[in-house]
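The values are calculated or read from the model by the stated rules, or taken from the named source; none is laboratory data. The structure presented is a predicted model; accordingly, all values stated were derived computationally and were not measured. Counting neighbours? That spans all protein chains shown, and the Cβs are built from the backbone with ideal geometry, glycine included. What goes into the accessible areas is simple: the full protein's heavy atoms, side chains included, and nothing from ligands, DNA or RNA. Shrake-Rupley method; radii C 1.70, N 1.55, O 1.52, S 1.80 Å.
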Amino acid sequence: MTDDLPPQGRPRQRKQVLLRLDPLVHDALSRWAAEELRSANAQIEFLLRKALADAGRLPRNVGAIRRPGRPAADGEQQPEEPDA
């Protein structure tokens, strides 16, 4: 399954997914995301990754989840995230 891997040195392109949710579920998700300083999209990805990891189905070579805020400019390093 190496066809799914990007060439060395090039970042993987993120997939776009259309997701239909009950409005009340979306509202609850958005409130939860705001409390954790994430977007609703980032909260969904966080929860999906956690569910995959808990089920033992998260691929070993999956990239780290993006940190909140703007990506670092070329050559800049973002500070390490403190352990929770």
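For this structure, a couple of remarks:
- Contacts under 9 angstrom Cβ, first residue in region 32-54 being under 15 Å from ARG67 (Cβ atoms), partner β-branched (Val, Ile, Thr) and not in a helix (DSSP H, G or I), 6 or more apart: ALA42/ILE65; GLU45/ILE65; PHE46/ILE65; ARG49/VAL62; ARG49/ILE65
- Out of ARG12, ARG70, ARG20, sole residue that is part of a loop (DSSP other than H, G, I, E, B) and modelled with pLDDT of 95 or more: ARG20
- Residue list for region 17-72, filter: open to solvent by 90 Å² or more (accessible area, probe 1.4 Å) and among the basic types (Lys, Arg): ARG20, ARG31, LYS50, ARG57, ARG60, ARG66, ARG70
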